[in-house]
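To keep things clear, I will list the structure first and then write my remarks on it.
The values are calculated or read from the model by the stated rules, or taken from the named source; none is laboratory data. Computed from a predicted model, the values in this text were never measured in an experiment. Here the Cβ positions follow ideal geometry from the backbone for every residue, glycine too, while neighbour counts run over all protein chains shown. When the accessible area is computed, the model is the full protein with side chains, heavy atoms only, and any ligands, DNA or RNA have been set aside. Shrake-Rupley method; radii C 1.70, N 1.55, O 1.52, S 1.80 Å.
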Amino acid sequence: MLEILKPKVYINSICSLDLKKLKKLQEIKGIIVDLDNTLVAWGENDVSAEVIDWVKEAKKLGLKLCIVSNTSSKRVAKFAEILDIPYYSQHLKPFSKSYIRGLKILNTKREETVVIGDQIFTDILGGNRLGFFTILVAPIIKRDSLGTFPQRTIEKIILSFWQKRGILKKEVDDWPAD
Ligand SMILES: [Mg+2]
């Protein structure tokens, strides 16, 4: 049962995802990425220079990006404009429709697309169910919307269970490694 919640990889932050190396590891063309606590801190109005550079690097490598978020459309639209990438926020993750729409926007195949997010009950569950390569990032800040509190609590228990048993390792350095 827990397998459907397990990301393929667990990394510290989106910026520690080495896209050049990931591209060598497997044929990826697109990225469906979450907004809050993945690209920007929850409640923050600015995006860090580091994330801006990461997005630039992705584009330089020819990767297509699409923000798929459960946050209000107004907020998502603002960051999508800053980063100059498309977005979709009308159906809620983990429902399949949101990923399928994201995929349509990217115009990539599932097997060429990775899903990145900071929550296992939305980003990872939905991504795994559709067979995407899923990457969990540690949330940028611990604060989050109140609605996510129950999931966050269970998430911590599951993550610690996996890590203690060596089922999932949190990559401390950039990933993929050499
Ligand atoms: Mg998030």
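Okay, here's what the table says:
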| quantity | calculated |
| --- | --- |
| Subset of the stretch 139-168 [small (Gly, Ala, Ser) and more than 16 Å from the ligand (Cβ to nearest atom)] | Ser160, Gly166 |
| Residues of the stretch 124-178 satisfying the condition of being of a type in the set (A, V, I, L, M) and within 16 Å of the chain's Cα centre (by Cα) | Ile124, Leu125, Leu130, Ile135, Leu136, Val137, Ala138, Ile140, Ile141 |
| Flag for Arg101 being basic (Lys, Arg), within 16 Å of the ligand (Cβ to nearest atom) and over 26 Å from Leu159 (Cβ atoms) | no |
| Selection within the stretch 128-167 - among the basic types (Lys, Arg) and either more than 29 Å from Thr108 (Cβ to Cβ) or not in a helix (DSSP H, G or I) (or both) | Lys142, Arg143, Arg152, Lys156, Lys164, Arg165 |
| Matching entry among Val33, Val40, Val47, Val68 (being within 16 Å of the ligand (Cβ to nearest atom) and closer than 18 Å to Val9 by Cβ) | Val33 |
| Residue under evaluation Asp118, criteria (1) charged (D, E, K, R); (2) open to solvent by 20 Å² or more (accessible area, probe 1.4 Å); (3) closer than 16 Å to Val9 by Cα, criterion not met | (2) |
| Candidate set from the stretch 126-138 (those that are crowded, with 20+ Cβ neighbours inside 10 Å and not aromatic (Phe, Trp, Tyr)); member that is farthest from the ligand (Cβ to nearest atom) | Asn128 |
| Pairs with Cβ under 7 Å, 6+ apart, first in the stretch 37-62 and over 20 Å from Leu136 (Cα atoms), second open to solvent by less than 60 Å² (accessible area, probe 1.4 Å) and in a loop (DSSP other than H, G, I, E, B) | none |
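Quick grid of which residues meet (1) over 17 Å from the mean Cα position of the chain (by Cα); (2) within 16 Å of the ligand (Cβ to nearest atom); (3) polar (S, T, N, Q):
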position	(1), (2), (3)
Cys15	no, yes, no
Asp18	no, no, no
Ala80	no, yes, no
Thr108	no, no, yes
